Amino acid sequence: MALDPIKISDYDELAAEPAAGDLFVIVDISEAADIDKTKHIKYSNLVPTRHTVGVPVTSPLQLVTTGDGKAYLPIPTDYDGMNLVDAQASVSDPASAAIVTVQIHNLTGAADMLTTRITIDATEYTSYTAANASVIDAANDDVSEGDMLRFDVDVDGDDAKGLTILCSFEKP
């Protein structure tokens, strides 16, 4: 991502001490004798707010089958305190007549994270165009470092292959 250059004298968010999460940008101020060179510029708006992870449930040529615990995702330190904000799925080979249905379960919190499960309609590759979009349970959307998420395939779509789940997390 390229940044448009700004004149440091026009930037009013200078701070003497850096704070956690500050991103530093090197600025050439060699010709600006009247600027305190110990200050930094805070660019917190450049830090990504959404983090998406893809979890392969089956290999691309493997049939999707039903069952709890088809895949797991341990929550890393970087995601501590985030909320699940989007849940989608894809297949490499769509089901010819049935719907693939997936639930996300937080084992640590002992709760399902979706009130409406992820579905991939027959002949579709992703859940983005599903007739029934997944809905995240606001009471069970938060994750903490060390939580273990479990992916349960409730309906296998008969002949679907290559299931991957996409989970997006954000700070509240």
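Close amide H pairs (under 5 Å, H built 1.01 Å from N) link Ser134 with Thr119, residues at least 5 positions away or on another chain. For region 123-153, the residues whose backbone nitrogen is under 17 Å from a point 7 Å from the Cα of Ala97, taken along Cα to Cβ, are 123-124.
Quick one, what does Rg over Rh come out to for region 50-170 if you take C-alpha atoms and the Kirkwood Rh? Using only Cα positions, Rg/Rh for region 50-170 is 0.96. The distance separating the Cα centre of region 57-93 from that of region 94-162 comes to 8 Å.
In a simple Cβ point-charge model (Lys, Arg +1; Asp, Glu -1; nothing else charged), region 45-172 has a dipole of about 200 debye relative to its Cα centre. Exposure proxy for Asp159, Asp142: other Cβ atoms within 10 Å of each Cβ, ordered fewest to most, give Asp159, Asp142.
Here the residues Tyr125, Tyr79, ranked from fewest to most Cβ neighbours within 10 Å of their Cβ, fall in the order Tyr125, Tyr79.
Arranged from fewest to most other beta-carbon atoms within 10 Å of their beta carbon, Met82, Met148 become Met148, Met82.
Less than 5 angstrom separates the built amide H of Ala89 from those of Ser127, Tyr128, Leu166, all sequence-distant by 5 or more or on a different chain.
FYI, it's all coordinate maths here, none of it is from the lab. Please read these numbers as outputs of a predicted model, since none were measured by experiment. Neighbour counts are summed over all protein chains in view; Cβ atoms, including those assigned to glycine, are modelled from backbone coordinates with ideal geometry.
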